[in-house]
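**Q** Right, I'll just put the structure down here and ask away after.
The values are calculated or read from the model by the stated rules, or taken from the named source; none is laboratory data. Just so we're clear, the structure is a prediction, and the values are computed from it rather than from any experiment. Neighbour counts are summed over all protein chains in view; Cβ atoms, including those assigned to glycine, are modelled from backbone coordinates with ideal geometry. Ligands, DNA and RNA are stripped out before the accessible areas are found, and what is left, the full protein with its side chains, is counted by its heavy atoms. Shrake-Rupley method; radii C 1.70, N 1.55, O 1.52, S 1.80 Å.
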Amino acid sequence: MRKRKLLALTTVGIFLQLLVQAQQTILGLETYFEEAYWRYPNIPKGVLEAAAYSASRLTNLQPSAGQADVCTGMPQRYGLYALIENGHGYFKNNLLTVCRNSGITPEQYKKDVRLQVLAVAKFLSREASMRPLDIKINAEGFAVIFDKLAEFPDDSSAINKYALALYKYDIYDHLRSGFTTPSLKRAPVKVHWEQLFPAPLLRKLQAPAIQVHAAKDSVLFQAIPVNADGTTVFTANHIPDISNIHEATEAVESDYTPAIYIKANAANYQSGRNGTKISHVTIHTAQGSYAAAISWLRNANAHQSAHYIVRASDGQITQMVKEHDMALHVHTANAYTVGVEHEGYMEYGNKWYSDKMYMASAALVRDICIRRAIDERSCFRGPATTATSFQTAGVHIKGHQHYSGNAHADPGKYWNWNLYADMLLEKYVKDADPEVAFKTIPNGIYRITNVNSKKVLNTRDCAGHPLTKITQGGWTGRDCERWRFEYAGDGWYKITSLVSGRAMEVPGGSRENVQIYLKDIKDQDCQLWRILEAGSKGELRLVNKASGKTLDVFGGSFNNGAAVLQTAWAGKSRQKWTLTAAPSKVMAEEDSHRFRKVQLDSTEAMPAAN
């Protein structure tokens, strides 16, 4: 009995440890980024967070010694920005470069998330200061600076130029779409793609299927990943003797980017399969980024590869080795398997294995099954595990961890095998979420002005205690007239008064004509608001999540002190508002003092300002 209880407690303990590792809420992360932008004002707001999310999904990567042998053979990565300490003679050691620039050790960097943010910010700021860039440069103009942070070799090869473009595309795609994590939330931001990439290259970066053809040294794409008749997903036209990716993409104005011929390394695959029939498909996790896996193909010392890799954000598929050739990915099973790598890290698979990735991967594997006469019903169904779990040869579609004779555990405990098996059989249909055309704004402090009365939103008697009523009044610049908007995900904002930090809340559920008041911050829908466009001249309406009703001024009053309440949307001007940035000088001075105080009180090394 005691042994069973001990076993149960041990199991619960392991589960809780894995759960904490997977969620990994990083307290204070918002403040770290605020400090970085305050110290290094030549960095455009938003790009630091987007780069960290792209690299690690805002996870402080800390690989253990037991994770060194990953199926791609790629180097280990550390911290929010997935930097590399030992690039195995191929990738740049960008962690060492960043640390040298800030005068800190790699161990200090690895264990301190604040140092990671500030050290990367200092490095990027220094690189930007060495170029003829305007201090007010926009996010798109800053993209060239990320070239210096990226790990890819400066070898002028087409594949590494393409990988660098993929790396930057992913950063700016997450800036564009926004993201929500337990540690940090960011609203979507308008990205001007035409300022970042030539149109043909952008089509390639956004295409559903890409082919890096090892045997013929080419990179190509097509628009439809799976044909209706079940034939191969990869067909395209070739244009020979093109060595530069930008020259190639700019030279042809068509819906299909031409092939780009480059030197591939034959050490990473075997030509042919010695007559062995393809009978299995192996699911892998790359333990790194999509762009890095593509670049890694050029490394003569990798001696590992896969036929395909799938991007996490949208399911784009890159072919790395032709199926009739033998990729090196699953030891003694290489001869009869097709290997499919998936971007991300298996320890944090819940942050990487997206629906789009699953669906694209399943469509690819279904196509392979049709062409190779593999029964798609023979996919593994069962619980995902953290370790090896060998399956019989009768299971034809399974993970790396399911093959005997290896110690690899990918795709790990977060891969949803039942969902994936249903997708292979086309039994899974994703619910279509209705699209809402909400507006997003940067986190910050704003004044909220009523279109009808021209008065601003404030608190009664400029108070900030709980249950203080929200009213309107003339603008005087006081903090009770300033409101902090903080993105909460999916288009919703928490709106708090600068005078007290309390949130604007709707009492009484969905009742009409209920006056809004201040309450202590809590995680409830009654304190969440969406911004919807309400006119062609910047007019907006603020809609509460709990009630679905709109912020309104009682009776359309023009008087100071008139109540602000919620009503059903009727398109009236008294229900329309404008937002104007209204940063507080006092708050800016407090932030300055706060950041300097942190520097003086810190016992850790801290990057000095430029």
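**Q** Kindly indicate whether any position in segment 146-153 is at pLDDT 90 or above, part of a loop (DSSP other than H, G, I, E, B) and among the charged types (D, E, K, R).
**A** yes
**Q** Within segment 539-558, track down each residue that is open to solvent by 40 Å² or more (accessible area, probe 1.4 Å), in contact (Cβ under 8 Å) with a residue 40 or more places away in the chain and farther than 17 Å from GLY509 by Cβ.
**A** Residues satisfying the conditions are PHE554, PHE558.
**Q** If CYS526 meets every condition in (1) more than 24 Å from THR181 (Cα to Cα); (2) without any contact (Cβ under 8 Å) to a residue 24 or more places away in the chain apart from one, which number is that one?
**A** It fails just one condition, (1).
**Q** While we're on this one: Which residues, taken from segment 76-91, are out of contact with any Pro (no Cβ under 7 Å at 6 or more places or on another chain), part of a loop (DSSP other than H, G, I, E, B) and either open to solvent by 10 Å² or more (accessible area, probe 1.4 Å) or at positive phi (or both)?
**A** Within segment 76-91, TYR81, ALA82, GLY89 qualify.
**Q** Consider ALA409 against the criteria (1) at pLDDT below 95; (2) farther than 15 Å from GLU341 by Cα; (3) of a type in the set (Gly, Ala, Ser): it satisfies all of them except one. Which criterion is unmet?
**A** Among (1) at pLDDT below 95; (2) farther than 15 Å from GLU341 by Cα; (3) of a type in the set (Gly, Ala, Ser), the lone unmet condition for ALA409 is (2).
**Q** Would you check which residues across segment 26-78 are farther than 20 Å from TYR172 by Cα and either among the acidic types (Asp, Glu) or within 15 Å of the chain's Cα centre (by Cα) (or both) and list them?
**A** The answer is GLU35, ASN60, LEU61, ASP69.
**Q** Shifting gears a bit: If I filter segment 319-331 for residues that are open to solvent by less than 20 Å² (accessible area, probe 1.4 Å), of a type in the set (Val, Ile, Thr), out of contact with any helix residue (DSSP H, G or I) (no Cβ under 6 Å at 6 or more places or on another chain) and closer than 23 Å to ALA163 by Cα, do I get at least one hit?
**A** Checked segment 319-331: at least one residue is open to solvent by less than 20 Å² (accessible area, probe 1.4 Å), of a type in the set (Val, Ile, Thr), out of contact with any helix residue (DSSP H, G or I) (no Cβ under 6 Å at 6 or more places or on another chain) and closer than 23 Å to ALA163 by Cα.
**Q** Would you mind telling me which numbered condition in (1) at pLDDT below 95; (2) surrounded by fewer than 23 Cβ atoms within 10 Å (Cβ to Cβ); (3) on the phi < 0 side of the Ramachandran plot ASN101 fails?
**A** Every listed condition holds for ASN101 apart from (1).
**Q** Kindly indicate whether THR476 is of a type in the set (Ser, Thr, Tyr) and surrounded by 20 or more Cβ atoms within 10 Å (Cβ to Cβ).
**A** no
**Q** Out of segment 362-404, which residues are within 29 Å of the chain's Cα centre (by Cα), assigned to a loop (DSSP other than H, G, I, E, B) and either of a type in the set (Gly, Ala, Ser) or within 22 Å of ALA209 (Cα to Cα) (or both)?
**A** GLY382, ALA384, ALA387
**Q** Continuing with the same structure: Mind listing whichever residues of segment 104-155 are surrounded by fewer than 18 Cβ atoms within 10 Å (Cβ to Cβ), hydrophobic (A, V, I, L, M, F, W, C) and more than 20 Å from the chain's Cα centre (by Cα)?
**A** MET130, LEU133, ILE135, ILE137
**Q** Same structure, new question: Please work out which residue is most open to solvent (accessible area, probe 1.4 Å), limiting yourself to segment 156-195 and to residues that are farther than 22 Å from GLU34 by Cα and outside any helix (DSSP H, G or I).
**A** SER156
**Q** Also, I was wondering about something else. With segment 488-527 as the region, which strands (runs of 3 or more DSSP E) entirely inside it contain at least 3 residues that are open to solvent by less than 40 Å² (accessible area, probe 1.4 Å) and over 11 Å from THR468 (Cα atoms)?
**A** Hits in segment 488-527: 492-497.
**Q** Name the pairs: first residue in segment 436-459 and free of Cβ contacts under 8 Å to residues at least 60 places away in the same chain, second residue of a type in the set (Gly, Ala, Ser) and crowded, with 18+ Cβ neighbours inside 10 Å, Cβ to Cβ under 7 Å, at least 6 apart or on different chains?
**A** VAL456/GLY473; ASN458/GLY473; THR459/SER497
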